[in-house]
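The values are calculated or read from the model by the stated rules, or taken from the named source; none is laboratory data. Not measured: the values here are computed from a predicted model. Cβ atoms come from the backbone with ideal geometry, glycine included; neighbour counts cover every protein chain shown. We work out accessible area using only protein heavy atoms, side chains counted, and drop any ligands, DNA or RNA first. Shrake-Rupley method; radii C 1.70, N 1.55, O 1.52, S 1.80 Å.
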Amino acid sequence: MPKGNAEVLPDQEIPVTALLAGVGTCNITPPVGTSLAGRPKTYPTYTIHDPLQAKAVYLEQNHTRAILISVDLLLLEHTECLPMRQAIAQTLNMPLHAVIICATHTHTGP
């Protein structure tokens, strides 16, 4: 069953050559007081100016699928990123190389 604003067209067959796409966002803003990354000194947040987000784009065509996820963080360590990619690949039944996660490299987030 689709989640969010996904729409399924009943009784219509989708051609195999069609490019299917889906997008999603998730608020990942930490609580006020969380330390900002990428600074010479530790600076805790005292307010939230803009929410931090994780955004995803899913693409599928001719039985080939890929997902690109971008998170508003300074960086992602390989040791953090690999288990996430593996879980997503397993959940979506796709190869690990088709799951890409990147950080926007913001200096105003954790």
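What distance in nm separates the two pseudo spin-label positions at GLU13 and THR25, each 7 Å out from Cα along the beta-carbon direction?
3.8
Go ahead and estimate [θ] at 222 nm for the chain from helices alone: -39,500 (n - 2.57) per DSSP H run with n ≥ 4, summed, over the residue count, rounded to 500.
Using -39500 (n - 2.57) per qualifying helix, the result is -4500 deg cm²/dmol.
Placing +1 at every Lys and Arg Cβ and -1 at every Asp and Glu Cβ, with all other atoms neutral, what dipole size does the chain have around its Cα centre, in debye to the nearest 20?
Here the chain has a charge dipole of around 420 debye.
Calculate the spin-label point distance for ALA89 paired with ASP50, positioning each point 7 Å from the Cα along the beta-carbon direction, and give it in nanometres.
A separation of 3.2 nm, rounded to one decimal place.
Between beta-carbons, use under 12 Å as the cut-off and find the net charge around ALA103, counting Lys and Arg +1, Asp and Glu -1.
Local net charge: -2.
Would you mind working out the accessible area per residue for the chain, using a 1.4 Å probe, and quoting it in Å²?
Value returned for the chain: 76 Å² of accessible area per residue.
Compute the angle between helix 78-92 and the longest alpha-carbon principal axis of the chain, please, reported from 0 to 90 degrees and rounded to the nearest 10.
30
First compute the accessible area of segment 27-110 with a 1.4 Å probe, then give the percent of it belonging to carbon and sulfur atoms.
60
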